[in-house]
Amino acid sequence: MQQQILVVGSLAYDDVETPFERRKAVLGGAASYFALAARLYAPVRLCGVVGDDFVQSDLERLASRGIDMAGVERRPGRSFRWLGRYNYELNTAETINTDLGVFADWQPEVPSSFRDSDTVFLANIHPRIQLRTLEQVRSPRVAAVDTMNYWIERERDALIQVISRVQIVTVNEAEARQLCKTHSTVRAGREILKLGPRAVVIKRGEYGAVLFTKDRVFWAPAYPLEEIRDPTGAGDSFAGGLMGELSRTDDIDDAALCRAVLNGTVCASYAVEDFSVEGIDRADPAAIDRRVRELERLVTA
Ligand code: AMP
């Protein structure tokens, strides 16, 4: 049976600066990127909140891609805004400003039609919102969480509570170090596993992603691209490919998780090829499959 994917997370306008280009107030947010990637695999339902400044045609754009927007509330106030800058390596974002806007005091109500979702992704947002969303889904088959330094610094205890309730954690390298207070990403991966999840994926930008389970370590190199225009959304698009692939897998064993990491890697490669959501929005399932096969060839003699 077709699995249904639920995502909660930021819907945002981003100001993004790379050493080469600069864009203001472009459509972003962890949930937007995730949904645009995951919908290439299965139907996606989105929960989030926008302010009265959020452009209706941006919501319609997501809806026109088949994303069910019944869980998106519009409230008086400003939408989430993020201002980030990348250095020459384009690997890690420096946050210049985060304005939570209407997300600051939002209490999500998952629509009753979404509560039977099988696959749940708690995209980057306040851990309290992540937890409240998860608690409203009746019996998810698999749930995953992503986060970032902003929440590790401010909401560590709530975040650890969320981590202990999900099966998969995705986090980038710097944040894994920060969360586990260790320089070693291998140690960090294993420390996070001890909190309860069965898999941890540590994202390392252009150096790929590493999956840790109890019995396995798997490394996927990033898909080799000549040009990266905007790394924003790489992590969320990665999660979209990862959870999308898992949503069509009966048995979530280590082999399925490895395949999911390859799909995540490829979705991330589409996201970074262009600014905002343009790159991932252009991807299609056949193109994703082609890149997954190329990625496999990359490390096979
Ligand atoms: P990433 O996939 O990690 O590059 O995520 C990028 C997206 O995350 C951007 O479009 C931002 O709007 C969003 N974002 C940045 N900071 C936060 C935060 N503290 N909480 C939720 N979303 C955020």
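Throughout, read-outs are computed from the coordinates displayed, never taken from laboratory work. Since we're looking at a predicted model, the values are computed, not measured. Here the Cβ is made from the backbone with ideal geometry for all residues, glycine too, and neighbour counts use every protein chain on show.
In whole Å, what is the distance between the alpha-carbon centres of segment 44-109 and segment 225-241? What the calculation gives is 17 Å, centre to centre.
Stretching the chain fully between ARG282 and ARG141 yields a gain of 47.9 nm (0.36 nm per residue, less the alpha carbon separation). Please build a GNM for the chain, connecting alpha carbons under 10 Å apart, and tell me which residue among PRO231, PRO43, PRO111 fluctuates the most. Judging by the Gaussian network model, the answer is PRO111. When peptides 78-90, 255-267, 163-175 are ranked by their average number of other Cβ atoms within 10 Å per residue, the highest-first order is 255-267, 163-175, 78-90. Using a Förster radius of 51 Å, what is the FRET efficiency between ARG22 and ARG75 based on their Cβ-Cβ separation? Nearest 0.05, please. So, using R0 = 51 Å, E works out to roughly 0.95. By DSSP, the beta bridges lying fully in segment 5-299 are antiparallel in about 40 percent of cases. Secondary structure note: in segment 46-192, about 35% of the DSSP beta bridges are antiparallel. Within the listed set GLY196, GLY241, GLY48, the Gaussian network model of the chain (springs between alpha-carbon atoms below 10 Å) gives the highest mean-square fluctuation for GLY196.
Can you list the DSSP H helices in the chain whose Cα atoms extend at least 24 Å along the helix axis and whose mean Kyte-Doolittle hydropathy is -1.0 or higher? Taking the DSSP H segments of the chain (at least 24 Å long, mean hydropathy at least -1.0), we get 254-272.
Express in whole angstrom the spacing between the alpha-carbon centres of segment 245-301 and segment 120-173. The distance from the Cα centre of segment 245-301 to that of segment 120-173 comes to 22 Å. Just checking the listed ones, ASP289, ASP254, ASP146: in the Gaussian network model of the chain with Cα springs under 10 Å, the one fluctuating most is ASP289.
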